Amino acid sequence: MCCGKKRAALAAQQRGLAPAGQADAEAFIAYRYTGHSALVTTGTVTGQIYRFVSKGAVQLVHPRDAGSLEEVPGLERI
């Protein structure tokens with residue numbers, strides 16, 4: 001995503017709306033990385049790869065993967 005699409009997707013998520021093309025029941029969940037180096041993790045349900053490039057990085061996570069990301073040290077749900 002580029003040209004502000006990440007900001008728009010995050011804003012939509014914070015309003016409780018799903019990103020374009022997703023059912024409302026599958027609104028993505030934002031996670032912030034609090035670690036000191038980059039982190040790459042995979043959602044156990046969807047197989048989606050989530051990349052957090054630095055401390056403070058935010059990614060939108062599929063709701064079916066949220067449970068597995070709750071167990072990853074350095075990630076906090078926002």
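Things worth noting here:
- Members of the stretch 27-49 found to be among the hydroxyl-bearing types (Ser, Thr, Tyr) and either out of contact with any Leu (no Cβ under 7 Å at 6 or more places or on another chain) or farther than 15 Å from residue 73 by Cα (or both), listed by number: 34, 37, 42, 44, 46
Rundown of residues vs (1) basic (Lys, Arg); (2) touching an Asp or Glu at 6+ places or on another chain (Cβ under 6 Å); (3) at pLDDT below 90, yes/no style:
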{"site": "5", "(1), (2), (3)": "yes, no, yes"}
{"site": "14", "(1), (2), (3)": "no, no, yes"}
{"site": "17", "(1), (2), (3)": "no, no, yes"}
{"site": "21", "(1), (2), (3)": "no, no, yes"}
{"site": "37", "(1), (2), (3)": "no, no, no"}
{"site": "54", "(1), (2), (3)": "no, no, no"}
{"site": "62", "(1), (2), (3)": "no, no, no"}
{"site": "70", "(1), (2), (3)": "no, no, no"}
{"site": "77", "(1), (2), (3)": "yes, no, no"}
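- Options 30, 9; residue that is aliphatic (A, V, I, L, M), modelled with pLDDT of 95 or more, surrounded by 13 or more Cβ atoms within 10 Å (Cβ to Cβ) and not in a loop (DSSP other than H, G, I, E, B): 30
- Applying the condition of being in a loop (DSSP other than H, G, I, E, B) and of a type in the set (Asp, Glu) to the stretch 58-78 and asking which residue is nearest to residue 29 (Cα to Cα) yields 65.
The values are calculated or read from the model by the stated rules, or taken from the named source; none is laboratory data. Computed from a prediction, not measured in an experiment: that's the story for all the values here. Cβ atoms come from the backbone with ideal geometry, glycine included; neighbour counts cover every protein chain shown.
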